[in-house]
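What follows is a set of notes on a single structure, which appears directly below.
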Amino acid sequence: MNEIDPKYFRQVMGQVPTCVTVVTAMVDDAPIAMVIGSFVSVSLDPPLAGFFCTNDSYSWEQLKKADTLGVNVLGEHQIDVSNACMRDLGERFDGLDWEMADGAPRIADTTAWMTLTEHQIIPAGDHEFGLYNVMTMSVPDEAKPPVIFYGGAYRDLSELDA
Ligand SMILES: Cc1cc2nc3c(=O)[nH]c(=O)nc-3n(C[C@H](O)[C@H](O)[C@H](O)COP(=O)(O)O)c2cc1C
């Protein structure tokens, strides 16, 4: 049934641009961060949003324990934040400017910020889809353009102006 080569799957899907978010939570007094590009708006009424997580992620196991998740949508000036959150688990918040807000770790200076509570966790192949209620959301008064992940690299929208 499945004739799709995994490498080719990755290559083709690499042509689909995504956002770059850091999904965060405080679990047992330790801040958790996971870089997520699959974050998506799902429903307006009720307000729902979600993302896909690989089944073998320790961070995802931790995030599922939390009452509240934070979604930090990264700006084009925050590639270093994404790289920081790809470090070893205990080091991801080292040097980051963050604080607790609305029940979850909020990273400073992002494009957008939301908090979520669990609605439903849905099996999705070798991933799960975490479907969440949107509890709070905000953007800065002056919009901060997002960083985009495309073709295996971080991009900013201003590249498109050329
Ligand atoms: C730009 C970018 C987007 C990513 N998007 C996802 C995603 O949507 N789902 C996912 O499971 N992993 C995604 N990852 C990979 C995870 O962030 C990374 O594998 C994870 O933090 C490692 O799991 P661990 O924290 O359990 O060690 C992404 C990584 C990058 C750099």
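Read-outs throughout are calculated quantities, based only on the coordinates presented, and are distinct from any laboratory measurement. Bear in mind the structure is a predicted one, so any value in this text is a computation, not a measurement. When we count neighbours, we look across all protein chains shown, and the Cβ atoms used for this are built from the backbone with ideal geometry, even at glycine.
Of the set (1) without any contact (Cβ under 8 Å) to a residue 60 or more places away in the chain; (2) more than 12 Å from the chain's Cα centre (by Cα); (3) within 14 Å of the ligand (Cβ to nearest atom), all apply to D28 but (3).
How about the stretch 126-154: which of its residues are surrounded by 15 or more Cβ atoms within 10 Å (Cβ to Cβ) and polar (S, T, N, Q)? If the condition is that a residue be surrounded by 15 or more Cβ atoms within 10 Å (Cβ to Cβ) and polar (S, T, N, Q), then N133 is the only one that fits.
Conditions (1) of a type outside the set (A, V, I, L, M); (2) within 15 Å of the ligand (Cβ to nearest atom); (3) in a strand (DSSP E or B), marked per residue:
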{"site": "F51", "(1), (2), (3)": "yes, yes, yes"}
{"site": "D56", "(1), (2), (3)": "yes, yes, no"}
{"site": "N72", "(1), (2), (3)": "yes, yes, yes"}
{"site": "E99", "(1), (2), (3)": "yes, no, yes"}
{"site": "M114", "(1), (2), (3)": "no, no, yes"}
{"site": "H119", "(1), (2), (3)": "yes, no, yes"}
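Out of V81, V42, report the one residue that is surrounded by 13 or more Cβ atoms within 10 Å (Cβ to Cβ) and under 19 Å from G130 (Cα atoms). Being surrounded by 13 or more Cβ atoms within 10 Å (Cβ to Cβ) and under 19 Å from G130 (Cα atoms) holds for just one of V81, V42, which is V42. Which residues, counting only those in the stretch 33-49, are out of contact with any strand residue (DSSP E or B) (no Cβ under 6 Å at 6 or more places or on another chain), away from the ligand (no atom under 12 Å from the Cβ) and in a strand (DSSP E or B)? The one that is out of contact with any strand residue (DSSP E or B) (no Cβ under 6 Å at 6 or more places or on another chain), away from the ligand (no atom under 12 Å from the Cβ) and in a strand (DSSP E or B): S43. Scanning the stretch 129-140 for residues that are under 14 Å from the mean Cα position of the chain (by Cα) and farther than 14 Å from A49 by Cβ gives no hits. If you go through the stretch 36-58 and keep only what is over 17 Å from P123 (Cα atoms) and of a type in the set (G, A, S), you end up with G37, S41, S43.
Among the conditions (1) surrounded by 13 or more Cβ atoms within 10 Å (Cβ to Cβ); (2) more than 28 Å from Q11 (Cβ to Cβ), the only one that Q120 does not satisfy is (1).
Are any residues in the stretch 40-64 under 10 Å from V27 (Cα atoms) and in contact (Cβ under 8 Å) with a residue 40 or more places away in the chain, and if so, which ones? Selection gives L63, K64.
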